[in-house]
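Undergrad: There's a structure below that I have some questions on.
The values are calculated or read from the model by the stated rules, or taken from the named source; none is laboratory data. Everything numeric in this text was worked out from a predicted model, so none of it was measured. A quick note on method: Cβ atoms are made from the backbone with ideal geometry, for glycine too, and the neighbour counts reach across all protein chains shown. All accessible areas refer to the heavy atoms of the entire protein, side chains included, with ligands and DNA or RNA removed. Shrake-Rupley method; radii C 1.70, N 1.55, O 1.52, S 1.80 Å.
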Amino acid sequence: MSTLPKINTVLYVTDLGKNTRPVFRHAIRQASLADADLLMLHVLEPLSATGKMVIDVYLSDEDADQLQKAGMEEVVIQMKERLQKFCAEEQNSCQMGSSPVKEILVAVGEPSEEIIRLAKKHNADLIVMGKSSHSLFGGNVMGSTTRRVTR
């Protein structure tokens, strides 16, 4: 009879959409059952080509780069605060460094690539992520990011 692999780290990925709370509860439950660390991750997508083009019209390359870097740093800080608030609302005393969430991560890049990169970096044994659907009927079984990560 085979045994299941030991789960030491659970990576919970969230876009903080309206249906994320049940998925977060599932991640907490999985981490609790396995006595594993739980990490929260949100990935910010970089500025689109159109956004860059608009900025380039009004600013020099150097000023545009500085503005984008400063802006993204501010967004990362704000997103960490939102994740901490979300966590605190869901779990009475869920602060960084205490159970159940060990660390809150915010990354910038293509979501599926960043999820995979950070799962490897933190030796995640399990990734918990929900499905978002922007289609009218929600017919997809998995969202596009989830599909890319599983591939």
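Undergrad: When you take every Cα atom in region 19-80, what is the radius of gyration, and what is Dmax, the widest Cα pair distance, in Å?
TA: Computed over the Cα atoms of region 19-80, radius of gyration and Dmax are 18.2, 54 Å.
Undergrad: Kirkwood hydrodynamic radius (Cα pairs, Å) of region 1-48?
TA: 12.3 Å is the Kirkwood radius here.
Undergrad: Tell me the accessible surface of D61 in square angstrom (1.4 angstrom probe, heavy atoms of protein chains only), to the nearest ten.
TA: Its heavy atoms expose roughly 110 Å² to the probe.
Undergrad: ³J(HN,Hα) across region 30-36 via Karplus (A = 6.51, B = -1.76, C = 1.60, θ = phi - 60°), whole Hz, x for Gly/Pro?
TA: Along region 30-36, the couplings run 4, 5, 5, 4, 8, 6, 10 Hz.
Undergrad: What are the trypsin sites (Lys or Arg not before Pro) within region 1-48 that DSSP puts in a loop, where the Cβ has at most 12 other Cβ atoms within 10 Å?
TA: Passing both the DSSP loop test and the Cβ count: K6, K18.
Undergrad: Report the net charge of residues surrounding H122, where surrounding means a beta-carbon distance below 11 angstrom and charges are Lys +1, Arg +1, Asp -1, Glu -1.
TA: Combined, the nearby Lys, Arg, Asp and Glu give +1.
Undergrad: Taking R0 as 30 Å, what FRET efficiency do you get between E90 and L47 from their Cβ-Cβ distance, rounded to the nearest 0.05?
TA: Details: r = 30 Å, r/R0 = 1.01.
Given R0 = 30 Å and the Cβ-Cβ separation, E is 0.50.
Undergrad: Starting at the first residue of region 100-114, write each ³J(HN,Hα) from the Karplus equation 6.51 cos²θ - 1.76 cosθ + 1.60 with θ = phi - 60°, in whole Hz, x for Gly and Pro.
TA: Values per residue, Gly and Pro as x: x, 8, 7, 8, 10, 10, 10, 10, 10, x, 6, x, 5, 5, 5 Hz.
Undergrad: Same structure again: Quick one: with all protein chains in place, what share of the accessible area of region 27-121 is carbon or sulfur, to the nearest percent (1.4 Å probe)?
TA: Exposed carbon and sulfur together represent 50 percent of the surface.
Undergrad: Hey, can you grab everything whose amide H is under 5 Å from the amide H of L126? Only 5+ residues off in sequence or another chain; H modelled, so Pro and N-termini drop out.
TA: T9, L11
Undergrad: Explain nothing, just compute: Karplus ³J(HN,Hα) = 6.51 cos²θ - 1.76 cosθ + 1.60, θ = phi - 60°, for every residue of region 69-83 in order, whole Hz, x for Gly and Pro.
TA: Residue by residue, region 69-83 yields 5, 5, x, 5, 4, 5, 5, 4, 4, 5, 5, 4, 5, 5, 5 Hz.
Undergrad: Of K80/K120; K85/K121; K52/K120; K52/K131, which ones are farther than 27 Å apart at the Cα? Let's see the in-between values first.
TA: Numbers: K80/K120 21 Å; K85/K121 25 Å; K52/K120 30 Å; K52/K131 29 Å.
From the list (K80/K120; K85/K121; K52/K120; K52/K131), the Cα-Cα distance tops 27 Å for K52/K120; K52/K131.
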